[in-house]
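Asks: Just passing along the structure, written as structure tokens.
The values are calculated or read from the model by the stated rules, or taken from the named source; none is laboratory data. The shown structure was predicted, so the numbers you read here are calculated from the model rather than taken from an experiment. When we count neighbours, we look across all protein chains shown, and the Cβ atoms used for this are built from the backbone with ideal geometry, even at glycine. Heads up: the accessible areas ignore ligands, DNA and RNA and are worked out on the full protein's heavy atoms, side chains in. Shrake-Rupley method; radii C 1.70, N 1.55, O 1.52, S 1.80 Å.
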Amino acid sequence: MRLNLAVGGIALLILAAIVVPCLLDAGEVSPSSGYVLLDPIRSGNLTVFPVVANKSHDTGQFLTLDEGIRSGEVVVTEAGQAQGLIRRRPGGRPTPRPVRDAQVNQLVLINNSKHPLLLLAGEIVTGGKQDRVIAKDRIVPAESDPVDLSVFCVEPGRWTAQNGKYEFNTGAVSTNGLLAAPAVRSKAMVAKDQQQVWDEVRKSQRAMASSEAVVVAGEAATVESTSSYARVMGNKEVARQVDSVAEPMQRNYESVIRQLRDKNAVGVVVAVNGEVVWADLFASTQLLQKYWPKLVRSYATEAVVTRAKAAEASTRQAQKFLNDLQGRHETADTEPGVYRHTEITGNGFKVFELTSLLPKTGFPVHVAKMAE
């Protein structure tokens with residue numbers, strides 16, 4: 001009898017551990033993830049649920065790609081065009097970097113700043129022989145040697161340097177740079193397949209070209225014939241549609257961040273057309289604020305492209321999505337002393353976690369979760 005009661009008690013505890021996190025109301029801490037989900041902010045068919053964490057980290061040392069390129073301290077160029085020498089080591093001589101031909105799925109990045117550089121999968125760099133999207137999150141050490149950067153093309157059809165220049169910037173849409181929509185990001189991060197990235201870019205392009213506002217404005221043919229994902233997003237009518245969803249969301253959420261700065265606002269869970277599709281979580285409010293303008297345009301682009309109307313996602317759905325960050329299979333890629341990039345496969349989702357291994361860190365800098 002005692003054994004049966006013990007077994008029954010254990011079963012109840014297990015059931016509670018499984019069920020309770022899924023039934024949390026907004027503002028309650030999830031014991032499994034350490035995150036708190038707040039009431040949603042909605043704009044059209046896009047919904048974001050602000051997320052606060054039970055702890056925050058010092059991320060002041062990290063430089064973003066936008067900051068680095070604007071300052072000139074970070075250079076992204078085609079393979080074979082990095083003319084600088086590998087940095088002189090104490091007591092040693094500089095060694096030339098081997099010269100190679102440009103390659104579709106590889107760029108060279110040089111971080112000349114005194115800060116480690118944070119790169120997010122989905123960030124778009126424009127220029128060179130064709131525009132590219134960064135394939136995975138990573139950290140590049142301060143004052144680094146040139147590093148090979150894995151990328152995918154998001155501009156099929158061009159393979160010539162514009163005005164003879166091989167260097168890249170972070171997009172012409174805004175001073176905050178451009179981040180691909182979740183559907184494109186996922187093809188680079190999960191599928192890791194160039195053709196699937198091209199197919200998703202083309203799908204987005206067609207959806208934008210066929211939208212009523214673009215057709216009425218007489219811009220459909222221009223959008224349809226544009227090979228560059230960045231230039232499609234920069235088209236004035238496409239940008240107007242994205243802004244109509246993004247700007248109210250950005251203002252509302254920035255207000256929330258200001259109010260919750262001391263409570264560690266760190267990210268969002270994202271729903272489109274009533275379905276929870278994505279989450280971006282950072283190690284600090286500071287990092288979230290840096291990325292928020294380009295994140296919200298990324299989410300808004302997804303909402304504009306899909307356009308279908310559906311029931312609104314509930315806080316309970318979003319909380320359930322946020323609670324489960326553990327999977328059944330993990331793979332990790334590590335650069336010792338710099339970062340560890342972990343890919344987690346769960347039932348119907350993927351999680352990508354970038355952990356800093358730099359001195360005085362050892363914490364996840366960015367976590368992205370996507371529904372599959």
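Asks: Just a yes or no: is a residue in the stretch 245-268 open to solvent by less than 10 Å² (accessible area, probe 1.4 Å) and over 26 Å from Leu325 (Cβ atoms)?
Replies: So in the stretch 245-268, the residues open to solvent by less than 10 Å² (accessible area, probe 1.4 Å) come out as 246, 249, 253, 257, 265-268.
If we keep only those that are over 26 Å from Leu325 (Cβ atoms) too, we end up with 246.
Yes, because at least one residue in the stretch 245-268 is open to solvent by less than 10 Å² (accessible area, probe 1.4 Å) and over 26 Å from Leu325 (Cβ atoms).
Asks: Exactly one of (1) open to solvent by less than 30 Å² (accessible area, probe 1.4 Å); (2) at positive phi is unmet by Gly218. Its number?
Replies: Of the numbered conditions (1) open to solvent by less than 30 Å² (accessible area, probe 1.4 Å); (2) at positive phi, the odd one out for Gly218 is (1).
Asks: So in the stretch 120-175, with the set limited to residues that are closer than 21 Å to Leu288 by Cα and hydroxyl-bearing (Ser, Thr, Tyr), which one is surrounded by the most Cβ atoms within 10 Å (Cβ to Cβ)?
Replies: Among residues in the stretch 120-175 that are closer than 21 Å to Leu288 by Cα and hydroxyl-bearing (Ser, Thr, Tyr), the one surrounded by the most Cβ atoms within 10 Å (Cβ to Cβ) is Thr170.
Asks: Inside the stretch 272-286, can you point out the residues that are within 21 Å of Lys350 (Cβ to Cβ) and within 19 Å of the chain's Cα centre (by Cα)?
Replies: Val272, Glu275, Val276, Val277, Trp278, Ala279, Asp280, Leu281, Phe282, Ala283
Asks: Ok, one more. Check Ala6, Ala26 and return the single one that is aliphatic (A, V, I, L, M) and either modelled with pLDDT of 90 or more or in a loop (DSSP other than H, G, I, E, B) (or both).
Replies: Answer to the check: Ala26.
Asks: Which residue, of Leu288, Leu295, is touching a Phe, Trp or Tyr at 6+ places or on another chain (Cβ under 7 Å) and either closer than 30 Å to Ala209 by Cβ or in a helix (DSSP H, G or I) (or both)?
Replies: Working: Leu295 fails: touching a Phe, Trp or Tyr at 6+ places or on another chain (Cβ under 7 Å).
Exactly one of Leu288, Leu295 is touching a Phe, Trp or Tyr at 6+ places or on another chain (Cβ under 7 Å) and either closer than 30 Å to Ala209 by Cβ or in a helix (DSSP H, G or I) (or both), namely Leu288.
Asks: Condition (residue is at pLDDT below 95, among the aliphatic types (A, V, I, L, M) and in contact with a strand residue (DSSP E or B) (Cβ under 6 Å, 6 or more places away or on another chain)) applied to the stretch 356-367: is it met by at least one residue?
Replies: No, every residue in the stretch 356-367 fails to be at pLDDT below 95, among the aliphatic types (A, V, I, L, M) and in contact with a strand residue (DSSP E or B) (Cβ under 6 Å, 6 or more places away or on another chain).
Asks: If you check every pair at least six apart or on different chains, which have Cβ atoms under 8 Å apart with a residue in the stretch 137-149 that is under 19 Å from Gln61 (Cα atoms) first and a residue that is open to solvent by less than 30 Å² (accessible area, probe 1.4 Å) and of a type in the set (Ser, Thr, Tyr) second?
Replies: Once the first residue is under 19 Å from Gln61 (Cα atoms) and sits in the stretch 137-149, its partners that are open to solvent by less than 30 Å² (accessible area, probe 1.4 Å) and of a type in the set (Ser, Thr, Tyr) give Arg138/Tyr339; Ile139/Tyr339; Ile139/Ser356; Ala142/Ser113; Glu143/Ser113.
Asks: Continuing with this model, one more query. Working only within the stretch 100-119, note down all residues that are open to solvent by less than 10 Å² (accessible area, probe 1.4 Å), part of a strand (DSSP E or B) and more than 16 Å from Gln130 (Cα to Cα).
Replies: Across the stretch 100-119, the qualifying residues are Asn111, Leu117, Leu118, Leu119.
Asks: List the residue pairs whose Cβ atoms are under 8 Å apart, where the first residue sits in the stretch 295-316 and is in contact (Cβ under 8 Å) with a residue 24 or more places away in the chain, the second is open to solvent by 30 Å² or more (accessible area, probe 1.4 Å) and small (Gly, Ala, Ser), and the two are 6 or more positions apart or on different chains.
Replies: Arg297/Ser174; Ala303/Gly44; Thr315/Ala26
Asks: Based on this model, can you work out whether Val52 counts as outside any loop (DSSP other than H, G, I, E, B), surrounded by 11 or more Cβ atoms within 10 Å (Cβ to Cβ) and modelled with pLDDT of 65 or more?
Replies: Values: outside any loop (DSSP other than H, G, I, E, B): yes; surrounded by 11 or more Cβ atoms within 10 Å (Cβ to Cβ): yes; modelled with pLDDT of 65 or more: yes.
It is true that Val52 is outside any loop (DSSP other than H, G, I, E, B), surrounded by 11 or more Cβ atoms within 10 Å (Cβ to Cβ) and modelled with pLDDT of 65 or more.
Asks: Of all the residues that make up the stretch 199-210, how many are crowded, with 20+ Cβ neighbours inside 10 Å, in contact (Cβ under 8 Å) with a residue 24 or more places away in the chain and closer than 14 Å to Arg307 by Cα?
Replies: To start, the set of residues in the stretch 199-210 that are crowded, with 20+ Cβ neighbours inside 10 Å comprises 200-201, 204-205, 208-209.
Applying the additional criterion that residues be in contact (Cβ under 8 Å) with a residue 24 or more places away in the chain yields 201, 204-205, 208.
After this cut, where a residue has to be closer than 14 Å to Arg307 by Cα as well, the list is 204-205, 208.
Within the stretch 199-210, residues that are crowded, with 20+ Cβ neighbours inside 10 Å, in contact (Cβ under 8 Å) with a residue 24 or more places away in the chain and closer than 14 Å to Arg307 by Cα number 3.
Asks: What's the number of the condition Ala79 fails, among (1) under 30 Å from Gln317 (Cβ atoms); (2) crowded, with 16+ Cβ neighbours inside 10 Å; (3) modelled with pLDDT of 50 or more?
Replies: With respect to (1) under 30 Å from Gln317 (Cβ atoms); (2) crowded, with 16+ Cβ neighbours inside 10 Å; (3) modelled with pLDDT of 50 or more, Ala79 is out only on (1).
Asks: Here's another thing I want to ask about it. Only residues that are in contact with a helix residue (DSSP H, G or I) (Cβ under 8 Å, 6 or more places away or on another chain), open to solvent by less than 20 Å² (accessible area, probe 1.4 Å) and assigned to a helix (DSSP H, G or I): list them for the stretch 314-356, please.
Replies: Gln319, Asn323, listed by residue number.
Asks: Moving on. Going through the stretch 317-332 one residue at a time, which ones are charged (D, E, K, R) and without any contact (Cβ under 8 Å) to a residue 40 or more places away in the chain? Don't jump to the end; show me each part of the working.
Replies: Filtering the stretch 317-332 down to residues charged (D, E, K, R) leaves 320, 324, 328, 330.
Hits for the stretch 317-332 are Arg328, Glu330.
Asks: Let me ask you something else. Residue pairs, Cβ under 7 Å, 6 or more apart or interchain, first in the stretch 223-241 and free of Cβ contacts under 8 Å to residues at least 40 places away in the same chain, second not in a helix (DSSP H, G or I) and not hydrophobic (A, V, I, L, M, F, W, C). List them.
Replies: Partner pairs satisfying both residue conditions: Val223/Asn235; Val232/Thr226; Asn235/Glu219; Glu237/Glu219.
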